[in-house]
1. Just one of LEU30, LEU56, LEU67 is over 19 Å from ASP192 (Cα atoms), at pLDDT 90 or above and in contact with a Phe, Trp or Tyr (Cβ under 7 Å, 6 or more places away or on another chain); which is it?
2. Can you tell me which residue in the range 142-178 is farthest from the chain's Cα centre (by Cα), limited to those that are closer than 23 Å to LEU127 by Cβ and of a type in the set (D, E, K, R)?
3. If I filter the range 1-27 down to residues being surrounded by 15 or more Cβ atoms within 10 Å (Cβ to Cβ) and assigned to a loop (DSSP other than H, G, I, E, B), which single residue comes out as modelled with the highest pLDDT?
4. How many residues does the range 78-100 contain that are open to solvent by less than 80 Å² (accessible area, probe 1.4 Å), at pLDDT below 80 and not β-branched (Val, Ile, Thr)?
5. If the requirement is being among the hydrophobic types (A, V, I, L, M, F, W, C), open to solvent by 70 Å² or more (accessible area, probe 1.4 Å) and not in a strand (DSSP E or B), which of these qualifies: ALA103, ALA107, ALA140?
6. What tally of residues in the range 143-196 results from selecting those that are of a type outside the set (A, V, I, L, M), touching a residue at least 60 places away in the same chain (Cβ under 8 Å) and not in a helix (DSSP H, G or I)?
Amino acid sequence: MRNYYQIKTVASAPPRRLIPIGKVISVTGLVLAIVSFFSALSSSANIYGSLSFTFLLLGLFFFVDGLFLVIAASRQQEKLLGLRQSLLEDDPQIVASAEEFMAQRKALTQQGEITGIFIVHNAAKDLYYVGQSAKAIDRAAIQFLGRGNCDVYADYKYGDSFNVRIIPLSESGYESLNELKRAAIQALEAADEGLY
């Protein structure tokens, strides 16, 4: 059993958005620390000198905090990009074009339904739709029958080319479908992929 999805994502904002925020915090802290340092050097040992020292410490705190935010967000971004690659480029259990998938749907369900997530990719518009189900094969097929996501169905009906991937929960390393779906969506967002 392969374990490609061992990454647990916890950030509330995508890491690619946190990196510039961390840089701004760090630079602001550095500027505050430098200004406070020179202010403390130029003033004598009076109340302004102690106030400059306080701002120096505050500036150093922001500088270090910003650096930690950049480092943590960069590491998480790398992990999410690795997860995106495993979702879209490694071998899941089922990969097919929409036409092949719909033609083989009954044969696939006879082999046994899969509890997991499905990723529907509109190749023409480069958009992704991620869904989850205890019956992922049937739920993915519903998208092309007009009973799922209306935008996916409209694009399919008007001739856009689609691919379908099914990723079983049992091979994911995640404990629940919600966790696996959330991680897949965050991984796609980290790579700036468009979502329905």
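1. After ruling out the rest, the residue left standing is LEU30.
2. LYS157
3. Residue satisfying both the conditions and the ranking: PRO14.
4. 10
5. Numbers: ALA107 fails: open to solvent by 70 Å² or more (accessible area, probe 1.4 Å); ALA140 fails: open to solvent by 70 Å² or more (accessible area, probe 1.4 Å).
Exactly one residue qualifies, and that residue is ALA103.
6. 12
The values are calculated or read from the model by the stated rules, or taken from the named source; none is laboratory data. Remember, predicted model here, so these are calculated numbers, not experimental data. No Cβ is skipped: glycine too gets one built from the backbone with ideal geometry, and neighbour counts run over all protein chains shown. To get the accessible areas, we keep the full protein, side chains included, count just its heavy atoms, and leave off ligands, DNA and RNA. Shrake-Rupley method; radii C 1.70, N 1.55, O 1.52, S 1.80 Å.
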